[in-house]
Structures are given as structure tokens and as C-alpha cells.
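Visitor: Quick one: the structure is below, questions incoming.
The values are calculated or read from the model by the stated rules, or taken from the named source; none is laboratory data. Small disclaimer: the values here were computed from a predicted structure and weren't measured. Cβ sites come from the backbone with ideal geometry, for glycine too, and all protein chains shown count toward neighbours.
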Ligand code: UGA
């Protein structure tokens, strides 16, 4: 099939490369010229394991093309995916200006029947508005607007595209659904469930999925707080409840506040939609509060571990991104924790496999180190912030030459008995 992806961010680029890899011809469009030049020169603007190889392979074969020429890409394609950002507005709602702009541009270039597929995360009823924009310039028989949300995790995006649990498509048009099913057939053949519903239904499914996962994590983080006070191992509790198939074992890992470009933004946006439609989504609102509070709670915990004497203490951070296998700092607990500890007099050294971060570049006593040993040398407190594989079997006694070095493992990568045997002062989450 001939496909156009509008927007070459995470979703557009990963999905575009994966669709091309399934044998389709894909035009990836972006208005940012530098980005398109980079891609045409085989350079990838985002960090995502496996993406570079996939892009190179499909670009070379001619199935994956990059252009700023939206007119050409839309006119040459039968399926047009809108994959633009929907950032948070000042009031917490999703800012839809890029989606509407894309819709306007598409409306000017409908030369034959087009299926316009919204992959951007948008509040319920946005599809109706996109349809209205396009129909102001075109007959309704010339196009269909449908919803097809993405469920790609940063760091695992290619795997999530290739082996999704489900493909959700929001449309009541049988002919259109048949076409979309053909597009996704290779994934359905490998076990993905193709689930069709109304357009508004698909829009809510996207937000409800993210909000539910965020709730699951926050719930477990709060249970972890109780476990800490009662000397119970939260990992056992997660296993014990996760074995109940009604609950499920995934997304029960305790740790820092959930972060990233999606959960914080999408929980706020769905809470806003609720208010807009006179529905108080009180559970989601309290999840947002609980998650925000977690950042200060963990900072406070680190201070307590150092008996609240931070002046000139050396604190090392292993990993600062919001999760492993990404360079993304959005919503990362470290971006609140490091400035606060620094403000109280601590000297911070950090190492992250994805390099130094601009978030900390202006802080006087915060330094990036190019490896784990340098970051941990003479450290009073080592904080494991992100669960990168390379942090999973460290020899702490060798790392910090300081006798009483303390470890605060915010991802529960190590076991307390193992650390006790090594005579290390070790703190983790919910244990
Ligand atoms: C999330 C969803 O998982 C994807 O399905 C969705 O498509 C995406 O948002 C999006 O809307 O675009 P992502 O934000 O990339 O993906 O990453 P996750 O793996 O979901 O992690 C989000 C946050 O939750 C991270 O801070 C992570 O550390 C935290 N988390 C996750 C936990 O604290 N515990 C867990 O058990 C799982």
C-alpha cells in the first residue's frame, strides 16, 4: 500500500519504518527541513534501539522516503497517518494545533479517495473535528477519518509495533476497516488481535490504557510505601497480586514517579476531558497528585538516608532518563531530585549511557561522568535512578573507595540479603 506519515517524531518514524518493512511504500513528511535532511543522510534524530538499521534498510530499498513536500506525499498515498505531537497546554488539556494544521493541509490535497488515520493521542471527539475541517473543502465521499492509536513504548517501540497485543481501529465504515485490516494482516497473522470500534471509542481506549497503566504503577508505589513501614517485601506483594489473572503481573514495578512523554501528559489530558464532559475522573486526578508527590517523597528519603546532612556530600546518580533504553528526560524524577539535592549543598556526579543532559548543565556542582567508575568514585551515596542493564551487576565495594558508601536502589535491581552479605548499607523501594 502507499502510505503517508505526517510527522517524523517517535510514532511517525517508528511506525513508518515498520510499515515500510512490511513491504509498503511509505512517505515520511515533516516540516522541519533539518530533520528530513538528516534522515535522507541516514542519520536518526531520536534514540531508539534498532531504529537506525530499520530506517537504513528500508530507505535503501526505496520503500521508505523522507520529504518536506506534504502535497506530493499526500497526493501519492491512499492512507494518510497523522502522527504529530499533542503537547500539554497551560490548562492541562492536549494542545491540538498540530493535528488541526495537518488536517487543513490534507484537506487541500485530496485528489482521490483517502483514508485519514489519526495516530496522534487525541481527546475524544477530535476525529469529528478533523472530519469537519476536511469536509469544509471536500465531499464526504472523497475521504474517511478514522482513529488508530499507538501503543509503542519508548525503547521497545519496534518490538511493540511488530508484536502488539491488539490493534485498535475506530471506524464504522466497513470498506475502510477491510483496507486497514489488510494493512495489519501480517501482524494479525502473528497473533495480534484486530479490534474495531467507533472512532470515539478508539480515542478513549488510548487515554484509558495509559491512565490505567499509570494508576497501576502509582497504586503499587503507594503499596510500596506501606511495605517499607511494615517491613514487607513489595516484590513479593507484586508477585502475589500479579498472579491473579484479573490483575496481571505487568506494570507493577515500584520505582521513581512514572515519567516520559506520555503518562504525565495523557493523565492530565483525560482528566481535562472528563471535566469538559462534566465527568469527574477523580481516580485519575489522584494518581496525578500521587505521582507528583512521589518525586519529593523520594528526594526526602535520600536526604534522610544521609541523615539530612547534605553539605559537601558526594552523591552519584546512575542513569537519569525516565526509563532505560531511551535518552528522554521528560518527566524524569532525576530532573527534580538532582536540583533539590544540589540546592541543599550536595555535589552530584551522574552517568547515563545516553550522555550528558542539558537539564543539569547550568548547575554548578552537578557533573556528567563518562563512565560508572568515575561517577561513583568517593561517593557517599550512589542512587540507582534508571534500570539500564549495565547497572545490574556492579561491584559496589570496588566502585566507591569510601568505606561507608550507601546505595539507594530506586529500581530494586539488587536484593537486600545479597547486599547485606557484602556489608553494604543498602536501601531500596518498598522493602
Ligand atoms: C507508554 C505506554 O506504555 C505505551 O503503551 C504508549 O504507547 C506510550 O506510553 C504512548 O502513549 O506513546 P512509555 O511512556 O514509552 O510508553 O514507557 P513505559 O514503559 O510505559 O513507562 C512509563 C513510565 O512508567 C516510566 O517512567 C517507567 O519507569 C514507569 N513504569 C513502568 C514503572 O514505574 N513501573 C512499571 O511497572 C512500568
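Visitor: Between 337, 329, which is in a helix (DSSP H, G or I), within 14 Å of the ligand (Cβ to nearest atom) and closer than 30 Å to residue 9 by Cβ?
Guide: Values: 329 fails: in a helix (DSSP H, G or I).
Exactly one residue qualifies, and that residue is 337.
Visitor: Continuing with this model, one more query. Out of all the residues in segment 86-105, which are out of contact with any helix residue (DSSP H, G or I) (no Cβ under 7 Å at 6 or more places or on another chain) and part of a helix (DSSP H, G or I)?
Guide: 97, 98, 101, 102
Visitor: Let me ask something else. Suppose we filter segment 245-265 for residues that are within 6 Å of the ligand (Cβ to nearest atom) and either closer than 19 Å to residue 152 by Cα or in contact with a strand residue (DSSP E or B) (Cβ under 7 Å, 6 or more places away or on another chain) (or both); how many remain?
Guide: Residues of segment 245-265 that are within 6 Å of the ligand (Cβ to nearest atom), as a first pass: 251-253, 255, 258-260, 262-263.
Subset that is either closer than 19 Å to residue 152 by Cα or in contact with a strand residue (DSSP E or B) (Cβ under 7 Å, 6 or more places away or on another chain) (or both): 251-253, 258-260, 262-263.
Total meeting the criteria: 8.
Visitor: Has segment 223-243 got any residue that is within 15 Å of the ligand (Cβ to nearest atom) and either touching a strand residue (DSSP E or B) at 6+ places or on another chain (Cβ under 9 Å) or in a loop (DSSP other than H, G, I, E, B) (or both)?
Guide: Among the residues of segment 223-243, not one is within 15 Å of the ligand (Cβ to nearest atom) and either touching a strand residue (DSSP E or B) at 6+ places or on another chain (Cβ under 9 Å) or in a loop (DSSP other than H, G, I, E, B) (or both), which makes the answer no.
Visitor: Are any residues in segment 67-85 buried (at least 17 other Cβ atoms within 10 Å of the Cβ), in a loop (DSSP other than H, G, I, E, B) and touching a helix residue (DSSP H, G or I) at 6+ places or on another chain (Cβ under 9 Å), and if so, which ones?
Guide: Across segment 67-85, the qualifying residues are 83, 84, 85.
Visitor: For a quick check of your reading of the model, give me the residue pairs whose first member lies in segment 146-173 and is without any contact (Cβ under 8 Å) to a residue 40 or more places away in the chain and assigned by TED's automatic domain parsing to the domain that holds residue 121, whose second is part of a helix (DSSP H, G or I) and within 9 Å of the ligand (Cβ to nearest atom), with beta-carbon atoms closer than 8 Å and at least 6 apart or on different chains.
Guide: The qualifying pairs are 153/160; 168/206.
Visitor: Taking residue 211, is it surrounded by 18 or more Cβ atoms within 10 Å (Cβ to Cβ), at pLDDT 95 or above and within 16 Å of the ligand (Cβ to nearest atom)? Break it down into steps so the answer makes sense when it comes.
Guide: Working: surrounded by 18 or more Cβ atoms within 10 Å (Cβ to Cβ): yes; at pLDDT 95 or above: yes; within 16 Å of the ligand (Cβ to nearest atom): yes.
Considered against the rule, which asks whether it is surrounded by 18 or more Cβ atoms within 10 Å (Cβ to Cβ), at pLDDT 95 or above and within 16 Å of the ligand (Cβ to nearest atom), residue 211 comes out as yes.
Visitor: Just checking, which of 84, 99, 14 is assigned by TED's automatic domain parsing to the domain that holds residue 124, within 30 Å of residue 271 (Cβ to Cβ), out of contact with any strand residue (DSSP E or B) (no Cβ under 8 Å at 6 or more places or on another chain) and in contact (Cβ under 8 Å) with a residue 24 or more places away in the chain?
Guide: Values: 84 fails: out of contact with any strand residue (DSSP E or B) (no Cβ under 8 Å at 6 or more places or on another chain); 99 fails: out of contact with any strand residue (DSSP E or B) (no Cβ under 8 Å at 6 or more places or on another chain).
Checking each option against the conditions leaves just 14.
Visitor: Among 132, 140, 179, which is in contact (Cβ under 8 Å) with a residue 24 or more places away in the chain and either within 12 Å of the ligand (Cβ to nearest atom) or farther than 30 Å from residue 258 by Cα (or both)? Talk me through it step by step, then tell me what you get.
Guide: Working: 132 fails: in contact (Cβ under 8 Å) with a residue 24 or more places away in the chain; 140 fails: in contact (Cβ under 8 Å) with a residue 24 or more places away in the chain.
When all the criteria are applied, what remains is 179.
Visitor: It is to be established whether one or more residues within segment 275-294 are within 12 Å of the ligand (Cβ to nearest atom) and within 18 Å of residue 384 (Cβ to Cβ).
Guide: The answer is yes; a qualifying residue exists.
Visitor: Among the residues of segment 51-66, write down those that are in a helix (DSSP H, G or I) and crowded, with 18+ Cβ neighbours inside 10 Å. Let's see the steps before the verdict.
Guide: Taking segment 51-66 and keeping what is in a helix (DSSP H, G or I), we get 51-60.
If the condition is that a residue be in a helix (DSSP H, G or I) and crowded, with 18+ Cβ neighbours inside 10 Å, then 51, 54, 55, 58, 59 are the ones that fit.
Here is a yes/no grid of residues against (1) surrounded by 18 or more Cβ atoms within 10 Å (Cβ to Cβ); (2) within 16 Å of the ligand (Cβ to nearest atom); (3) assigned to a loop (DSSP other than H, G, I, E, B):
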site	(1), (2), (3)
307	no, no, yes
320	yes, yes, yes
349	yes, no, no
353	yes, yes, yes
386	yes, yes, yes
420	no, no, no
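Visitor: From the list 246, 200, exactly one residue is more than 22 Å from the chain's Cα centre (by Cα) and either assigned to a helix (DSSP H, G or I) or modelled with pLDDT under 95 (or both). Which is it? Please lay out each step first, then the result.
Guide: Details: 246 fails: either assigned to a helix (DSSP H, G or I) or modelled with pLDDT under 95 (or both).
Being more than 22 Å from the chain's Cα centre (by Cα) and either assigned to a helix (DSSP H, G or I) or modelled with pLDDT under 95 (or both) holds for just one of 246, 200, which is 200.
Visitor: So residue 314 clears everything in (1) exposed (fewer than 15 other Cβ atoms within 10 Å of the Cβ); (2) at pLDDT 95 or above except one condition, right? Which one?
Guide: (1)
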